[in-house]
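Comments concern the structure below.
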Amino acid sequence: AARSRAADPRFLDDLRALANQFSKPATEVLISDDFSDGDFTSNPAWTVASGRFEMDWQGGLHSNVTASQAPAQPAQKQPARRERGEDVALRLLGQILNPDQGGTQGANKPAAAPVAEPAIPAEAFLMEPISNAFALTATLAMEASAGPVTFAMFQGQQRTIGFFLVYDPIDGLALQRRGARSNITIASGTAALADGANHVIGWQRNENGEMSVTVDDVEVLRVTDSNFRDDWAGVSMVNGGGAVTLRSLTISGTR
């Protein structure tokens, strides 16, 4: 219709927008893991970059990130100095006038409480080629006390460049574009995932750079961003705190 000018251009634009909403960029399953084999280190092989991951009893990739308790640093001991005769006399006089204080300053002070160190995020990733247009489906369970969880389609070995889908129980969902020198939120939406139940997250990107994210088949956000045109080097998941379990992950695309 566009080539033959058989319809109004504005009407054709509306048709294109409608078609893009239902376009399926993925024609072939590139990655599929439901952890039914009880092993996340092969077929496909997940790499743990930080923190700890393990298989839970229901069959899932489980991570629990908690803040560690570091012992408080003891006070620096002052170097001993030789007391003069006047100092000894004053100290003895003080003990006589105030016997409850004993003779040692600070002897009865309570021990300092341990200091909570910030939690170190746990990251696991798959280094598998993924086409620029993709469809990701992840089944995720988060406890109520969980912190932010991030899925990333990254480029490069450092896994710091690409699109990052971040869920925070307080701030909701955010889709970020991260480059070598920038970190920009390009879309955001509301969702409730941190309730212990399984939730299905869908993340699609088509050939035109249009992306949409659904939670339990309900669309949460949609945006178009064509800054990255090359294929992805892999996918990662980062647990920023609390207990999180990835039940399954499927990524489809084109080879």
Checklist entry - Can you list the residues, at least 5 places off or on another chain, whose amide H is less than 5 Å from the amide H of T224, using H built in the peptide plane? => result M211
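Taking 0.36 nm per intervening residue step and subtracting the Cα-Cα distance, what contour gain separates V29 from N227 on full extension? Intermediate results must be reported in sequence, preceding the final value.
Details: separation 198, 0.36 × 198 = 71.28 nm, distance 2.44 nm.
Taking V29 through N227 to full extension adds about 68.8 nm, to one decimal.
Could you order H199, H62 so the one with the most accessible surface comes first? Probe is 1.4 Å. Don't jump to the answer; show the numbers that get you there.
Values: H199 20, H62 40 Å².
The most accessible residue leads, giving H62, H199.
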Item to check | Solvent-accessible surface ranking, highest first, for L61, L18 at 1.4 angstrom | outcome: L18, L61
Next on the checklist: Of G202, A191, Q158, which is farthest towards the positive pole of the stretch 157-212's charge dipole, taken about the Cα centre with +1 and -1 on the beta-carbons of Lys, Arg and Asp, Glu respectively?
Outcome noted: Q158
Checklist outcome for this item: Share of accessible surface on carbon and sulfur in the stretch 154-247, whole %, 1.4 Å probe and ligands ignored, is 44
Item to check | Probe 1.4 Å, all protein chains present, accessible-area order of R159, R222, largest first | outcome: R222, R159
Checklist entry - Ignoring ligands and nucleic acids, what accessible area does E54 show with a 1.4 Å probe (Å², nearest 10)? => result 80
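The values are calculated or read from the model by the stated rules, or taken from the named source; none is laboratory data. The structure displayed is predicted, hence computed values, not measured ones. Here the Cβ is made from the backbone with ideal geometry for all residues, glycine too, and neighbour counts use every protein chain on show. Side chains are part of the model used for accessible areas, which takes the heavy atoms of the whole protein and leaves out ligands, DNA and RNA. Shrake-Rupley method; radii C 1.70, N 1.55, O 1.52, S 1.80 Å.
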